Amino acid sequence: MRAYFGRRTTISASHRLHSGTLSAEENCATYGKCNNPHGHGHNYVVEVLVGGEVDAETGMVINLVALDEVVRARVVERFDHANLSLDPLFVNRVPTTENLCRVIFGLLKDALPDGELARVRVEETENNFFECEGE
């Protein structure tokens, strides 16, 4: 039987929503105040859900200490208190939270010591959240 373990962490980061393929007017119309040249920030909540078989010896899908270490090394150290617009992973993509969610999924997908990454969920505000699932 497959079981799931979820873990949550937070990062604070800034970004400017701006596409180099759009004119200044189109960017303003598309992203509104999120296109502010000085950017703006969020306190993101990042949730990681790992699925797999429960290990008969440990009783766990994945060791939470090991999961925390991977998330810290791959996500928190990279994005916490950073400007997402300046990160190399966003050079050719707008740093929307949809894309942040996708990027985090990609950074974690093959880095887990056990289990399989099932879903990444990122809360941008109390009203906005985004999810990516494996295929």
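Nothing in this text is a laboratory measurement; each read-out follows from the coordinates by a stated rule. The shown structure was predicted, so the numbers you read here are calculated from the model rather than taken from an experiment. Here the Cβ is made from the backbone with ideal geometry for all residues, glycine too, and neighbour counts use every protein chain on show.
The condition (being farther than 16 Å from residue 5 by Cα, out of contact with any His (no Cβ under 8 Å at 6 or more places or on another chain) and surrounded by 15 or more Cβ atoms within 10 Å (Cβ to Cβ)) is satisfied by just one residue among 92, 128, 99: 99.
If only residues of region 5-18 that are surrounded by 14 or more Cβ atoms within 10 Å (Cβ to Cβ) and hydroxyl-bearing (Ser, Thr, Tyr) are counted, the one that is nearest to residue 104 (Cα to Cα) is 9. Of all residues in region 29-45, those that are touching a His at 6+ places or on another chain (Cβ under 9 Å) and either loosely packed, with under 12 Cβ neighbours inside 10 Å or assigned to a loop (DSSP other than H, G, I, E, B) (or both) total 3.
Within region 18-26, identify whether any single residue is over 19 Å from residue 117 (Cβ atoms) and either basic (Lys, Arg) or in contact (Cβ under 8 Å) with a residue 40 or more places away in the chain (or both), and answer yes or no. Yes, region 18-26 contains at least one residue that is over 19 Å from residue 117 (Cβ atoms) and either basic (Lys, Arg) or in contact (Cβ under 8 Å) with a residue 40 or more places away in the chain (or both). Screening residue 48 on (1) exposed (fewer than 12 other Cβ atoms within 10 Å of the Cβ); (2) in a strand (DSSP E or B) shows it passes everything except condition (1).
Residue 13 fulfils the conditions (1) in contact with a Gly (Cβ under 8 Å, 6 or more places away or on another chain); (2) free of Cβ contacts under 8 Å to residues at least 60 places away in the same chain except for a single criterion, (2). For region 1-10, the set of residues classified as more than 16 Å from residue 67 (Cα to Cα) and assigned to a strand (DSSP E or B) consists of 2 only.
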